[in-house]
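The values are calculated or read from the model by the stated rules, or taken from the named source; none is laboratory data. Worth saying up front: this structure is predicted, and the values here are computed from it rather than measured. All Cβ positions, even for glycine, are placed from backbone atoms using ideal geometry, and neighbour counts span all protein chains on display.
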Amino acid sequence: MSAPTLLLLALAALCAGFALLYLVARRLDNYGIVDVAWPYAFGALAAFYALAGPGWPVRRALIAALAVVWSLRLGTHLALRVIGHHPTEDGRYLQLRRDWAANFASKMFWFFQMQAASVVLLAAAFLLASLNPTPSLHPLEYAGAALWLLALCGEALADAQLAAFKKNPANQGQVCAVGLWRFSRHPNYFFEWLIWVAFFIFALGSPYGWIAIVGPASMLYLLLRVTGIPMTEEQSLRSRGDAYRRYQQTTSAFIPWFPKRLPPS
């Protein structure tokens with residue numbers, strides 16, 4: 001299939017899938033399930049590109065494997081979190097209910113459709129790699145795969161450390177500042193962004209691979225300015241108050257770095 005055909009089929013299928021998911025979310029009265037579907041959608045899309053794309057089969061299989069492993073790990077991690085919250089909805093969506101109270105249902109439908117469109121946009125690296133017919137791997141593709149492995153391990157470690165901290169009853173209402181969380185308030189987001197940098201580097205081994213910069217650039221903007229750090233920190237301030245404000249004063253928001261020392265309060 002040609003690139004335009006693959007893109008149109010992907011967009012149509014994802015828009016339909018997220019519309020159906022919206023109906024399920026309304027039925028459950030829990031819109032947090034979109035957080036689970038979003039990473040899974042990338043794995044499905046990468047597999048579709050790998051099966052239908054005209055590129056070298058080894059490259060198609062490799063980029064699909066990287067995408068599917070990442071999507072399954074992140075999607076399953078988020079699924080367990082949503083199940084753990086159910087029937088209570090994640091605090092970010094409770095806040096959206098308040099912010100969008102006047103026409104919440106319609107705004108949330110388009111929010112789901114935006115998630116579908118974002119999957120197609122951000123997955124440019126998967127498409128470009130699946131179109132490349134060159135019968136050998138470029139050094140940049142090896143470098144991208146190596147960075148992907150490092151970032152995946154870092155994100156999984158950050159998630160595991162936070163889960164272990166929350167599981168301890170003695171930490172109820174406390175701020176997690178152990179392990180990677182001692183050096184960044186959001187190490188999971190940092191390593192998630194690095195995964196997208198890795199996909200971009202992999203795509204640079206293919207013609208027009210520079211287009212894939214949309215992935216890490218968009219993800220960085222979303223994490224720093226929109227649905228990542230801002231919404232997460234607003235919720236943390238509501239739930240942990242001054243303890244989290246002090247954490248903000250001492251710890252890097254995104255890139256891991258040594259924490260600052262403040263005088264005793």
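Applying the selection to segment 241-265, what residues are under 24 Å from the mean Cα position of the chain (by Cα) and surrounded by 12 or more Cβ atoms within 10 Å (Cβ to Cβ)? Steps first, answer last, please.
Taking segment 241-265 and keeping what is under 24 Å from the mean Cα position of the chain (by Cα), we get 244, 247-248, 251-257.
Matches in segment 241-265: 244, 247, 248, 251, 252, 253, 254, 256.
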Requested in this report: Can you tell me which residue within segment 52-87, out of those that are without any contact (Cβ under 8 Å) to a residue 12 or more places away in the chain and among the aliphatic types (A, V, I, L, M), is surrounded by the fewest Cβ atoms within 10 Å (Cβ to Cβ)?
Outcome: 83
Report summary line: Matching residues in segment 206-235 (modelled with pLDDT of 90 or more and either assigned by TED's automatic domain parsing to the domain that holds residue 54 or more than 18 Å from the chain's Cα centre (by Cα) (or both)) number 6
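Going by the conditions given, is residue 262 of a type in the set (A, V, I, L, M) and closer than 19 Å to residue 151 by Cα? So that I can check it myself, show each step before the final result.
Details: of a type in the set (A, V, I, L, M): yes; closer than 19 Å to residue 151 by Cα: no.
Taking the combined requirement at face value, the residue does not satisfy it.
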**Report entry** All positions within segment 40-56 that are in a helix (DSSP H, G or I) and either of a type in the set (Gly, Ala, Ser) or in contact with a Gly (Cβ under 6 Å, 6 or more places away or on another chain) (or both)
**Finding:** 40, 41, 43, 44, 46, 47, 50, 52
Requested in this report: Could you please tell me which pairs satisfy a Cβ distance under 6 Å, a separation of 6+ or placement on different chains, a first residue in segment 109-121 that is free of Cβ contacts under 8 Å to residues at least 24 places away in the same chain, and a second residue that is among the basic types (Lys, Arg) and buried (at least 18 other Cβ atoms within 10 Å of the Cβ)?
Outcome: none
Requested in this report: Please report, ordered by residue number, the helices (runs of 4 or more DSSP H) entirely within segment 163-253 with at least 2 residues that are in contact with a Phe, Trp or Tyr (Cβ under 9 Å, 6 or more places away or on another chain) and farther than 20 Å from residue 62 by Cα.
Outcome: 187-203, 214-225, 229-240
